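Right, one structure below, let's go through it.
Just so it is clear, none of the values below were taken in a lab; they were calculated from the coordinates. The structure displayed is predicted, hence computed values, not measured ones. Positions of Cβ are generated from backbone atoms using ideal geometry, with glycine treated the same way; all protein chains shown enter the neighbour counts.
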Amino acid sequence: MGAAQVLVVAGTHGNERNAPWLLEHWLAHPGALDSSGLGLQLVIGNPAAFAAGRRYLDRDLNRSFTSALLEAPGPADREVQRARELLALHGPAGTQPCALVLDLHSTTAAMGNSLVVYGRRPADLALAAGIQALLGLPIYLHEDDANQQGFLLECWPCGLVIEVGPVPQGVVNSAICHQTQRALEAALMVLASARRGDLALPRGLTVHRHLGSLDLPRRPDGRPAACLHPLRQHRDWQAIFPGDPLFVTAGGETLRYESADPGPLWPVFINEAAYGEKGIALSLTSRERWPCESDWAEGLHQLAKQLMAAPG
């Protein structure tokens with residue numbers, strides 16, 4: 001791949017309004033976003049769902065980038081068609097190629113300003129480590145989950161999700177917008193440093209590694225039998241131990257977290273509104289400290305060398 005740009009995607013989910021609101025402003029006022037001198041492609045991920053104010057029309061766009069869906073013959077759902085369009089336009093071999101993608105999301109969960117990394121590609125880890133060194137953002141490492149696949153950024157050589165919350169679906173919140181732009185500009189600063197070849201990674205990074213997800217307790221007919229306990233709600237990134245309150249029934253009975261492992265785990269995406277249909281009330285992670293490897297920075301440097309400068 002020759003010269004390429006950075007793909008910045010907003011509105012992968014059409015009812016997440018903050019990043020698209022920012023993107024519209026950046027397009028009208030290019031100087032409002034500090035690109036660190038890099039060429040950007042600013043794109044609404046799912047414009048049809050965004051226009052309808054819905055998360056998606058036929059299926060979750062951010063689960064539509066599997067090989068099976070992208071390569072299937074015959075008519076396709078609208079989100080699969082959109083996934084093919086994005087790759088044809090801005091994939092590594094697209095007509096307007098991008099070397100990496102920064103996917104901007106918001107959540108109803110109390111995640112604060114955070115990063116989501118899928119898998120352990122060296123360039124992804126270098127980018128996340130560089131941002132964490134600048135802003136101290138927590139990193140959710142999502143991997144090895146057969147029920148959650150087909151994420152947009154996996155079709156580019158490098159990328160990560162910037163996830164900010166809590167904010168209700170369909171609502172624009174100035175604090176969420178500010179945090180989103182701050183994280184995006186930090187990511188672009190790290191990429192510019194990698195492009196120059198002077199990126200110095202920290203000695204290590206802290207990750208919250210995905211272990212699995214829990215659903216609400218349910219009745220035989222599938223209806224919820226309990227909801228999140230108030231002592232667990234809004235406590236993303238805070239440790240949970242066996243015996244801690246987890247759910248509560250309508251009658252006030254507390255259901256406690258059960259595990260044979262006495263050690264703590266760290267829940268994330270607690271009570272995310274969009275995950276109810278996926279059978280996820282929260283995801284559990286282990287908190288780990290990893291040393292930064294030299295090949296991470298080199299991997300990001302090789303990708304970043306392909307990046308174009310911003311138009312003069």
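Structure values in brief
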read-out	value
C-alpha center-to-center spacing [segment 153-189, segment 60-76] in angstrom	25
Which label in (1) 23.7, 99; (2) 19.6, 64; (3) 20.5, 64 gives the computed Rg and Dmax of the Cα atoms in Å	(2)
Calculated FRET efficiency for the pair Arg78/Val172, C-beta based, R₀ 22 Å, to 0.05	0.35
Equivalent-ellipsoid semi-axes of segment 208-290, from the Cα gyration tensor, Å, largest first	22, 15, 11
Tensor-based shape of segment 1-108 (alpha-carbon gyration tensor, a/c under 1.5 rounded, otherwise prolate or oblate)	oblate
Whole-number D in µm²/s for segment 115-158 (Stokes-Einstein; Kirkwood sum over Cα pairs; 10 °C, 1.306 mPa s)	143
Residue-count net charge about Met189 - beta-carbon cut-off 15 Å; Lys, Arg +1, Asp, Glu -1	0
